[in-house]
Amino acid sequence: MDERIKIYPEKMTKTYENMLDEFSTIRAGRANPGVLKRITVDYYGSQTPLNQVANVTVPEARIIQIQPWEASMLKKIEKAINMSDIGINPTNDGKVIRLIFPELTEERRKDLSKDIRKKGEAARVATRNIRRDANDMLKKLEKSEEVSEDEIKDLQDTIQKETDEHIKKIDKAVEDKIKEIMTV
């Protein structure tokens with residue numbers, strides 16, 4: 001790939017990966033430690049990711065168990081989970097914290113599907129914006145007459161193929177996540 005346009009497909013890939021990362025935090029009725037990825041805990045004055053202060057396991061399909069490495073962290077972890085947006089109340093038995101995932105209602109599944117579609121559309125828009133930036137850069141290159149029209153056309157075609165490929169990947173990921181959410 002031409003060095004001048006190499007950064008644009010990389011940006012598209014980062015957009016796609018960011019969307020997948022956001023999808024991993026959407027809970028699908030099954031226990032998935034990914035929903036805790038963004039939760040940080042006050043650990044001796046600094047915000048530390050939950051998985052660095054506790055052992056996170058999934059002993060059953062609908063339960064996440066969090067066992068802090070230090071007993072003093074139990075309350076802080078519980079507080080961090082309560083303040084997060086995962087929508088599950090932790091149960092604390094003095095040694096471990098359990099998150100019990102309720103069965104998703106049909107209405108909640110539909111809401112989550114809408115949210116997934118919005119995130120997918122945002123990723124598609126971001127990908128198209130990257131394509132626009134690439135085409136703007138190519139137009140400036142063409143005006144400076146450093147590159148032939150044919151070369152510009154080839155580079156634009158390459159960018160368009162990359163865009164189409166990334167949009168297909170985004171659409172497939174959205175479809176797969178919705179299918180996962182809607183499966184009872």
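Here is how the numbers come out for the structure above:
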read-out	value
Which numbered condition Met182 fails, given (1) closer than 23 Å to Asp2 by Cα; (2) open to solvent by 60 Å² or more (accessible area, probe 1.4 Å); (3) touching a residue at least 60 places away in the same chain (Cβ under 8 Å)	(1)
Scan of region 82-106 for residues that are closer than 18 Å to Arg30 by Cβ, exposed (fewer than 12 other Cβ atoms within 10 Å of the Cβ) and at pLDDT 85 or above, ordered by number	Glu106
Among the candidates Arg132, Arg124, Arg117, residue that is of a type outside the set (S, T, N, Q) and free of Cβ contacts under 8 Å to residues at least 24 places away in the same chain	Arg132
Test result for Glu162, open to solvent by less than 70 Å² (accessible area, probe 1.4 Å) and either part of a helix (DSSP H, G or I) or of a type in the set (A, V, I, L, M, F, W, C) (or both)	yes
Leading residue by the ranking (modelled with the highest pLDDT) among those in region 19-56 that are open to solvent by 80 Å² or more (accessible area, probe 1.4 Å) and closer than 30 Å to Arg117 by Cα	Asn51
Some residue of region 85-103 being without any contact (Cβ under 8 Å) to a residue 60 or more places away in the chain and part of a helix (DSSP H, G or I)	no
Residue in region 5-20 that is over 22 Å from the mean Cα position of the chain (by Cα), closer than 28 Å to Ile178 by Cβ and in contact (Cβ under 8 Å) with a residue 12 or more places away in the chain present	no
Arg4 being out of contact with any Gly (no Cβ under 9 Å at 6 or more places or on another chain), in a loop (DSSP other than H, G, I, E, B) and within 30 Å of Arg132 (Cβ to Cβ)	yes
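Residue by residue, here is whether (1) loosely packed, with under 15 Cβ neighbours inside 10 Å; (2) part of a loop (DSSP other than H, G, I, E, B); (3) of a type in the set (Gly, Ala, Ser) holds:
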{"site": "Asp111", "(1), (2), (3)": "yes, no, no"}
{"site": "Lys114", "(1), (2), (3)": "yes, no, no"}
{"site": "Lys119", "(1), (2), (3)": "no, no, no"}
{"site": "Arg124", "(1), (2), (3)": "no, no, no"}
{"site": "Ile130", "(1), (2), (3)": "no, no, no"}
{"site": "Asp133", "(1), (2), (3)": "yes, no, no"}
{"site": "Leu141", "(1), (2), (3)": "no, no, no"}
{"site": "Val147", "(1), (2), (3)": "no, yes, no"}
{"site": "Ile152", "(1), (2), (3)": "no, no, no"}
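The values are calculated or read from the model by the stated rules, or taken from the named source; none is laboratory data. Since the structure is predicted, the reported quantities are computational estimates derived from the model, not experimental observations. Virtual Cβ from ideal backbone geometry, glycine too; neighbours counted across all protein chains shown. Please note that ligands, DNA and RNA were not included when accessible areas were found on the heavy atoms of the full protein model with its side chains. Shrake-Rupley method; radii C 1.70, N 1.55, O 1.52, S 1.80 Å.
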